[in-house]
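The values are calculated or read from the model by the stated rules, or taken from the named source; none is laboratory data. Just so you know, these numbers come straight off a predicted model, no measurement behind them. Backbone-built Cβ (ideal geometry, glycine too); neighbour counts: all protein chains shown. Heavy atoms of the whole protein, side chains included, go into the accessibility calculation; ligands, DNA and RNA do not. Shrake-Rupley method; radii C 1.70, N 1.55, O 1.52, S 1.80 Å.
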Amino acid sequence: MRFPNVFNSWRAFRHATKGVSYMRVADYDIAIGEFNSAVELSPRNKMYLFARGTAYFQSRSLSKALADCNTLLEKSFFFKGAYLLRSDVYCRQAKIASALDDLTTFAGLKPYRIPIFARLEKIPLLTRFAWFHNLEQDYVRAIAESTEAIELVGRDNIKMAGLLNYRSEFRRNGGDLSGALADANEALKTAQKIRYPMLHDLVIALVLNQRSATYTSLNKFDEALADCATGMYLANSLPYPHNDKALLADLHLNRAQIRRGKGDLDGALADSIESIQLKPYHAGAYEEREKIRRAMGDTEGADADHAQAVQIGADNVDYQPYSMGFGRPTRDRPLVRLPSPISLIAIALISMICGILAIPFWMALFIIVLMTLLALWLPYRIKR
């Protein structure tokens, strides 16, 4: 009897789709529960295991994410996504050499045959290589790879602004402060051209955060404070899906460094505390508070912050994989609704009728695809 297997596959598909929906709204614990159900019902489906590994990665359960990646690669050596995900896990675990090995293996696997898909795949791949080399302090290669990615982007202002912002950070880390400032200014000009209001403000806030760090390195504290203030205003004025706490935490951390440089230790301490509350897994915020407390003479508190920074930094590199467009999860986006069984039966009947009437294959395929899209779209429109 094959019917129970088909039924379980359908149930697994429903659980997996719900899991993807919950991941979109950043409810990773619920998403992991849905993916667990999908894996139990359909243990041979590699995509469900990959989705669960991704959810573990996003929730910072790195050991579980790594276990899912290893299981995937044991089942299928050529599962490309597993290498990419495992490289991200290794990066967060500060195992940069292993991350680069997996990324190199991913790049060596069979690429897309269609040129545009190959190009779209190459942009995030180059950006990952650049990030990993940046973490290895190989800034020359990081800058070269980000430059190659910029040349491939074309007219997409969102991606262009993001890549220029990344290159600005790589140049600042490498000591080329004038180049970093030039890239940040160019990224800001590009971000001004973004037509979507929320993304426009979000990308500008991200760029201002980076430029404020460059101004701090140049000891231009007034300009850095102005960029931080504008970035915080823009980030706080965005609605929920886009007012990213991590961005606000980075802005507070930048302002803490600026205030410490200007001698305002009380203000710097307040900003470092706010940064830690917004992003408690960032070792850099504890390191900054340690410096502030030592300057204030609080040796005991500084030692505690140092120990916390070491504990976090051992397994939580502050790295977020490159996104194709600064996407942020949103709770306002409705959950994905699957087609009803009646819709699927209707598609099957139409397929049979096409066969009986001897309709050409390409026309029958077009009708089936159209009906499938309608079955997915109509419930969503009716619900809205």
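Zone of Asp264 (label point 7 Å along Cα→Cβ, backbone N under 11 Å): which residues in the stretch 181-213?
Flagged as within label range: none.
Please compare each pair in Lys18/Lys193; Lys18/Lys64; Lys46/Lys95; Lys95/Lys291; Lys122/Lys262 to a cut-off of 31 Å on the Cα-Cα distance and tell me which ones are over it.
Long pairs (Cα-Cα over 31 Å): Lys18/Lys193; Lys122/Lys262.
Would you give the gap between the C-alpha center of the stretch 247-294 and the C-alpha center of the stretch 1-64, rounded to a whole Å?
Computed from Cα coordinates, the inter-centre distance equals 38 Å.
Zone of Ser9 (label point 7 Å along Cα→Cβ, backbone N under 17 Å): which residues in the stretch 31-64?
38-49
Using a Förster distance of 30 Å, how high is the FRET efficiency between Ile30 and Ala229, based on the Cβ-Cβ distance and rounded to 0.05?
0.20
Ignoring ligands, DNA and RNA, please state the percent of accessible area on the stretch 153-284 from carbon and sulfur, probe 1.4 Å.
Accessible surface attributable to carbon and sulfur in the stretch 153-284 totals 48 percent.
Please enumerate, by chain and number, the aspartates and glutamates with C-alpha under 18 Å from the C-alpha of Lys80, excluding those fewer than 8 residues away in the same chain.
Those aspartates and glutamates meeting the cut-off are Asp68, Asp88, Asp101, Asp102, Glu121.
Once neighbouring chains are kept in place and the probe is 1.4 Å, which whole percent of the accessible area of the stretch 1-103 is contributed by carbon and sulfur?
The computed percentage sits at 55.
Extending each Cα 7 Å along its Cβ direction at Ala304 and Arg44, get the distance between those two points in nm, one decimal.
It is 5.6 nm.
Quick one: accessible area per residue over the stretch 122-162, 1.4 Å probe, rounded to a whole number of Å²? Spell out each step's value before the answer.
Details: 1830 Å² over 41 residues.
Accessible surface, normalised per residue, equals 45 Å².
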